[in-house]
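The block underneath contains the structure these notes are about, expressed in structure tokens.
The values are calculated or read from the model by the stated rules, or taken from the named source; none is laboratory data. Every value quoted in this text rests on a predicted model; they were computed, and no experiment measured them. Glycine gets a Cβ as well: all are built from the backbone with ideal geometry, and neighbour counts include every protein chain shown. Each accessible area value is taken on the protein alone, full model and side chains, heavy atoms only, with ligands, DNA and RNA left out. Shrake-Rupley method; radii C 1.70, N 1.55, O 1.52, S 1.80 Å.
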Amino acid sequence: MTHGEKAVHRSQGFTLIELIVCIIILGVVSVIALPKFLGLQKDARVAVLYGAREALMTANNFVYTKAVIQSQETVDGGKQYNIDLANDANNVLIGYVGFIKNVIPAKELAGFDPQLTINTWYGVDSPDEPYFLIGFANKPVGPDHMCYVEVYYPETPGGQVSYKIQTDDC
């Protein structure tokens with residue numbers, strides 16, 4: 001090779017300007033995309049709560065139907081099993097005026113995912129307080145985590161179950 005024919009070797013890699021431009025672009029994209037992504041997470045949590053409400057509503061309707069057939073819709077089973085779910089003459093569920101009384105059967109009959117928790121209300125017994133609270137296992141229900149379903153049972157037989165969804169901190 002002669003002097004004029006020397007191969008020009010260009011170093012591999014990015015220049016400082018190219019790196020700075022990439023960093024700026026990534027910063028702008030993250031500022032725009034992050035809030036949208038967080039909004040999608042909240043929407044997903046709210047959708048899960050609505051699904052949990054519907055699942056428990058379906059389970060309670062099933063149990064209430066069984067209770068009516070067995071004349072148990074006006075009975076508070078206390079600690080005694082009083083509802084037969086399989087029509088096999090074995091009472092396997094404790095009912096409260098025809099609805100699911102305890103946490104474990106409620107969770108099982110509603111088919112809740114392990115990411116959901118269901119608890120009974122441990123506050124003052126009052127019709128203004130929920131009977132069950134359905135929330136997320138990684139965000140325990142409480143004043144600091146307002147992302148749950150409140151389930152209100154009727155005070156008297158024949159009343160309607162009502163549901164309220166708290167989504168402030170989802």
Next on the checklist: Only one of Val141, Val149 is among the β-branched types (Val, Ile, Thr) and farther than 21 Å from Phe62 by Cβ. Can you tell me which?
Outcome noted: Val141
Checklist outcome for this item: Out of (1) in a helix (DSSP H, G or I); (2) modelled with pLDDT of 85 or more; (3) open to solvent by 70 Å² or more (accessible area, probe 1.4 Å), the one Phe37 does not meet is (2)
Item to check | Residues of segment 80-131 satisfying the condition of being of a type in the set (A, V, I, L, M) and in contact with a Pro (Cβ under 7 Å, 6 or more places away or on another chain) | outcome: Leu93, Val97
Item to check | Enumeration of residues in segment 115-126 that are under 10 Å from the mean Cα position of the chain (by Cα) and open to solvent by 80 Å² or more (accessible area, probe 1.4 Å) | outcome: Gln115
Checklist outcome for this item: Here the qualifying pairs (Cβ atoms under 9 Å; residues six or more apart or on different chains; first in segment 152-170 and closer than 30 Å to Phe37 by Cα; second open to solvent by 60 Å² or more (accessible area, probe 1.4 Å) and among the aromatic types (Phe, Trp, Tyr)) come out as Ile165/Tyr50
Next on the checklist: Among the residues in segment 60-79, are any more than 16 Å from the chain's Cα centre (by Cα), without any contact (Cβ under 8 Å) to a residue 12 or more places away in the chain, more than 25 Å from Asp43 (Cα to Cα) and in a loop (DSSP other than H, G, I, E, B)?
Outcome noted: yes
Checklist entry - Do we find that Val31 is part of a helix (DSSP H, G or I) and within 30 Å of Val151 (Cβ to Cβ) in this structure? => result no
Item to check | Subset of segment 127-170 (residues that are open to solvent by less than 30 Å² (accessible area, probe 1.4 Å), farther than 17 Å from Lys101 by Cβ, in contact with a helix residue (DSSP H, G or I) (Cβ under 6 Å, 6 or more places away or on another chain) and assigned to a strand (DSSP E or B)) | outcome: Val149
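Here's a check for you: in segment 51-103, which residue that is of a type in the set (Lys, Arg) and closer than 22 Å to Ile165 by Cα is least open to solvent (accessible area, probe 1.4 Å)? Step through it out loud before you land on a result.
Of all residues in segment 51-103, those of a type in the set (Lys, Arg) come to 53, 66, 79, 101.
From the residues that got through so far, the ones that are closer than 22 Å to Ile165 by Cα too are 53, 101.
Details: Arg53: 56, Lys101: 37 Å².
This residue is Lys101.
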